[in-house]
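**Q** I am attaching a structure below and will ask some questions about it afterwards.
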Amino acid sequence: MKKLTIPDILARKQAGPKVTMLTAYDYPWARMVDEAGIDIALVGDSLAMVVLGHPNTVSVTMEEMLHHTRAVARGVRRALVIGDMPFGSYNSSIPAAVNNASRFLKEAGADGVKLEGGRIVADTVEAIVRGGIPVQGHVGLTPQTATSLGGFKVQGKKAEAARQMIDDARALEDAGCFSLVLEAIPAAVARMISETVSIPTIGIGAGRDCDGQVLVTHDMVGLFDGFTPKFVKQYTTMRGGVLEAIAAYKREVEEGLFPEDIHSFTMPAEELAKLKDLE
Ligand code: KIV
């Protein structure tokens, strides 16, 4: 199976099909995402919330992101692996950002990194790209700075805010991003951005006119019992199934129904007899 490349993703803008991206945080999920033919496995900092139990994405560390990215990189054969740069890892200085971005490739086997922000991070993106590291941008609702944006709210509903976002998208393209996540923005604005930039846009809560789509896997399979945003489609409800299985296991253990003979090992009768004599 041939590993996808950045030019393969760029070519989708003209030739299609749409780019598919899902989050993965560990080896088994990376294997499933890859086996299903998803193009990009994003080790999102949503890890903080859906796997590590934090109330937001801000507290996840570089070491935690690298640890999970390593596991994902071990699980994929075809998909690109993108590591999400955690809050604080690219905002203090450009050299620190380049160093942290390169750690995702050198130490964790990622193919590129994603970071949040528009024109304000354009210089940082440019320096990381110059360092030979593919960068995916992320505008609209940027969860790491959700507090400054007034919470987890749809962005760009007013004309001036939407125009600023289009400028952000252009700046990120000029800085060298190979693709752009558009999160929680009106579909009409996402369409305008997608028509404006020459790199693929990947929407989440941004309507169907983006060049690709992304969802948080734990949301779309119904594994996360926290808040589920309006833009999530739940394709299955895994949590219910897993809870049922755990409850059945508990009951069978308590009632002595598990394990059965098929789950147990035997020893030759003569050896058992000898053992009894030894006692
Ligand atoms: O962290 C994440 O999962 C993300 C996606 C929502 C794009 O940034």
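**Q** If I fit a long axis through the Cα atoms of helix 94-106 and take the longest principal axis of the Cα atoms of the chain, what angle between them do I get, 0 to 90°, rounded to 10?
**A** 40 degrees
**Q** Moving on to the next point. What aspartates and glutamates sit close enough to LYS230 to cross-link, taking a C-alpha to C-alpha distance under 18 Å and skipping anything fewer than 8 places away on the same chain?
**A** Cross-link targets: GLU183, ASP209, ASP219.
**Q** Output the antiparallel fraction of DSSP beta bridges having both residues in region 1-151, as a percent to the nearest 5.
**A** Here the share of antiparallel DSSP bridges comes out near 10 percent.
**Q** If you add up the charges near ASP174, with Lys and Arg at +1 and Asp and Glu at -1, over every other residue whose beta carbon is less than 15 angstrom from its beta carbon, what do you get?
**A** So the surrounding residues net to -2.
**Q** Related question: Note the direction-averaged projected area, equal to a quarter of the hull surface, for the Cα convex hull of region 159-259, in nm².
**A** One quarter of the hull surface, i.e. the mean projection, equals 8.9 nm².
**Q** Further question on the same structure: Compute the acute angle (0 to 90°) between the alpha-carbon long axis of helix 269-278 and the principal axis of greatest extent of the alpha-carbon atoms of the chain; round to the nearest 10°.
**A** With both axes taken from Cα atoms, the answer is about 70 degrees.
**Q** Using the beta-carbon distance between GLU255 and LYS230 and R0 = 30 Å, what value does 1/(1 + (r/R0)^6) give for FRET efficiency, to the nearest 0.05?
**A** 0.10
**Q** Please state the relative contact order of the chain as a whole percent: Cα pairs under 8 Å, 6+ residues apart?
**A** 15 percent
**Q** Using the Cβ atoms and a cut-off under 11 Å, what net charge is assigned to the surroundings of ALA190, where Lys and Arg are +1 and Asp and Glu are -1?
**A** -2
**Q** May I ask for the net charge around PHE258, where only other residues with Cβ less than 14 Å from the Cβ of PHE258 are counted and Lys, Arg are +1 while Asp, Glu are -1?
**A** With Lys, Arg at +1 and Asp, Glu at -1, the net is -3.
**Q** Additional query: Take every DSSP beta bridge whose two residues both sit in the chain, then give the antiparallel share in percent to the nearest 5.
**A** Of all bridge pairs located within the chain, approximately 5 percent are antiparallel.
**Q** Given labels modelled 7 Å from the Cα in the Cβ direction, how far is it in nm from ALA247 to THR147?
**A** Between ALA247 and THR147, the label points sit 3.9 nm apart.
**Q** Would you kindly find the accessible area of ASP167, with a 1.4 Å probe and non-protein molecules such as ligands, DNA and RNA excluded, rounding to the nearest 10 Å²?
**A** In the full protein context, ASP167 sits at about 40 Å².
**Q** Can I ask one more? For the chain, find the longest principal axis of its Cα atoms and tell me its angle to the long axis of helix 6-15, 0 to 90°, nearest 10.
**A** 70 degrees
**Q** For ALA161 and SER92, FRET efficiency with R0 = 30 Å and r from the beta-carbon atoms, rounded to 0.05?
**A** 0.65
**Q** How high is the FRET efficiency from SER198 to MET238, r the C-beta distance, R0 22 Å, rounded to 0.05?
**A** Calculated value: 0.05.
**Q** In a GNM of the chain with a 10 Å cut-off on Cα contacts, which of ALA15, ALA146, ALA175 has the highest mean-square fluctuation?
**A** Between ALA15, ALA146, ALA175, it is ALA15 that shows the largest mean-square fluctuation.
**Q** Considering the chain as a Gaussian network with a 10 Å cut-off on Cα pairs, which listed residue, GLY140, GLY222, GLY112, attains the greatest mean-square fluctuation?
**A** GLY222
**Q** Just how far, in whole angstrom, is region 139-205 from region 220-256 if you go by their alpha carbon centroids?
**A** Their Cα centres are 33 Å away from one another.
**Q** Can you list the residues of region 145-185 with backbone N under 13 Å from a point 7 Å past the Cα of ARG119, pointing along Cα to Cβ?
**A** 161-172
**Q** If I take the Cα coordinates of region 6-236 and project them onto the principal axes, what are the three extents in Å, biggest first?
**A** Here the spans come out as 42, 42, 38 Å, largest first.
**Q** For ARG74 paired with ALA15, estimate the spin-label separation in nm (one decimal), with each label point 7 Å from Cα along the Cα-to-Cβ line.
**A** 3.4 nm
**Q** What percentage of the solvent-accessible surface of the chain, computed with a 1.4 Å probe over protein heavy atoms, is contributed by carbon and sulfur atoms?
**A** Summing carbon and sulfur atoms, their accessible area is 57 percent of the total for the chain.
**Q** Still on this structure: Of the listed pairs LYS2/LYS153; LYS2/LYS250; LYS13/LYS153; LYS13/LYS106; LYS18/LYS153, which have alpha-carbon separations greater than 32 Å here?
**A** Listed pairs above 32 Å: LYS2/LYS153; LYS2/LYS250.
The values are calculated or read from the model by the stated rules, or taken from the named source; none is laboratory data. Please read these numbers as outputs of a predicted model, since none were measured by experiment. Here Cβ is always computed from backbone atoms with ideal geometry, including for glycine, and neighbour counts include all displayed protein chains. Please note that ligands, DNA and RNA were not included when accessible areas were found on the heavy atoms of the full protein model with its side chains. Shrake-Rupley method; radii C 1.70, N 1.55, O 1.52, S 1.80 Å.
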